[in-house]
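Structure first, commentary second.
The values are calculated or read from the model by the stated rules, or taken from the named source; none is laboratory data. Note that this is a predicted model, so its numbers are computed, not measured. When we count neighbours, we look across all protein chains shown, and the Cβ atoms used for this are built from the backbone with ideal geometry, even at glycine.
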Amino acid sequence: MKNTWTMTNKDYWEDRYTRGALGWDIGYASTPLRAYIDQLEDTSLKILLPGAGFGHEVIYLYQQGFHNVFALDIANAPLQRIREKQPDFPAAQLLEGDFFSMEEAGFDLILEQTFFCALPPGQRPAYARRMHDLLVEGGRLAGLFFDFPLTPQGPPFGGSREAYRALFGPLFRVKTLERAYNSIPPRQGNELFFIFEK
């Protein structure tokens, strides 16, 4: 297993983008998140996608009128790709840096898509606390977690419904934590859709 420093290091992720080692990138907004976005009514929501990568969900949100959406990534390359795909996307809402030290806060909604599973498992408690801190009262953390055994190999790192409930339950109201019915075929049966409320 790669050490924690390597997997949270900017150079590691810039290198993966340069080499095209992007096994997590499906090329479009994931089906479960798109379905969730489609039922959101308030386009003024302040939304964050951490570890946004090429930002397929970010671009989809923006094109649906959610113009207060922020993309965060430790690497610069994927943020530049967002600008290429959506030239009018506000540069100030493309945040390059470390999730655990970002200054922007006060989000109504944070969407999780393959960021949590890329972090070393030892950082999961810090992730949960940081998500809690970044949200306004009543704000929601929603998205997808992988549902397969947690092993030392990764990323991606897996987990279980029970482990996620134990991790997030003390900080959030667990509104939904269930098998995603509309995962893409390669991930069918291996994703949990969740909504946690601060």
Checklist outcome for this item: Expected single match for within 15 Å of residue 142 (Cβ to Cβ), surrounded by fewer than 16 Cβ atoms within 10 Å (Cβ to Cβ) and either touching a Ser or Thr at 6+ places or on another chain (Cβ under 7 Å) or free of Cβ contacts under 8 Å to residues at least 24 places away in the same chain (or both) among 63, 39 is 39
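Residue by residue, here is whether (1) hydroxyl-bearing (Ser, Thr, Tyr); (2) within 18 Å of residue 111 (Cα to Cα) holds:
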{"site": "160", "(1), (2)": "yes, no"}
{"site": "164", "(1), (2)": "yes, yes"}
{"site": "169", "(1), (2)": "no, yes"}
{"site": "172", "(1), (2)": "no, yes"}
{"site": "177", "(1), (2)": "no, yes"}
{"site": "180", "(1), (2)": "no, yes"}
{"site": "188", "(1), (2)": "no, no"}
{"site": "191", "(1), (2)": "no, yes"}
{"site": "196", "(1), (2)": "no, yes"}
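Residues checked against (1) charged (D, E, K, R); (2) modelled with pLDDT under 90:
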| residue | (1), (2) |
| --- | --- |
| 74 | no, yes |
| 85 | yes, no |
| 89 | no, no |
| 92 | no, no |
| 99 | no, no |
| 107 | no, no |
| 110 | no, no |
| 113 | no, no |
Checklist entry - Has the stretch 98-114 got at least one residue that is in a loop (DSSP other than H, G, I, E, B) and hydroxyl-bearing (Ser, Thr, Tyr)? => result yes
Next on the checklist: Here is a list: 45, 49, 79. Which entry is more than 24 Å from residue 146 (Cβ to Cβ), in contact with a Leu (Cβ under 9 Å, 6 or more places away or on another chain) and outside any helix (DSSP H, G or I)?
Outcome noted: 45
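When you look at residue 107, is it in contact with a helix residue (DSSP H, G or I) (Cβ under 8 Å, 6 or more places away or on another chain) and closer than 14 Å to residue 10 by Cβ, yes or no?
Details: in contact with a helix residue (DSSP H, G or I) (Cβ under 8 Å, 6 or more places away or on another chain): yes; closer than 14 Å to residue 10 by Cβ: no.
For residue 107, the condition - in contact with a helix residue (DSSP H, G or I) (Cβ under 8 Å, 6 or more places away or on another chain) and closer than 14 Å to residue 10 by Cβ - is not met.
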Checklist entry - Is it the case that the stretch 139-150 has a residue that's in a loop (DSSP other than H, G, I, E, B), under 17 Å from the mean Cα position of the chain (by Cα) and either surrounded by fewer than 20 Cβ atoms within 10 Å (Cβ to Cβ) or not polar (S, T, N, Q) (or both)? => result yes
Next on the checklist: Quick check on residue 128: is it in contact with a helix residue (DSSP H, G or I) (Cβ under 9 Å, 6 or more places away or on another chain), at pLDDT 95 or above, within 18 Å of residue 10 (Cβ to Cβ) and surrounded by 16 or more Cβ atoms within 10 Å (Cβ to Cβ)?
Outcome noted: no
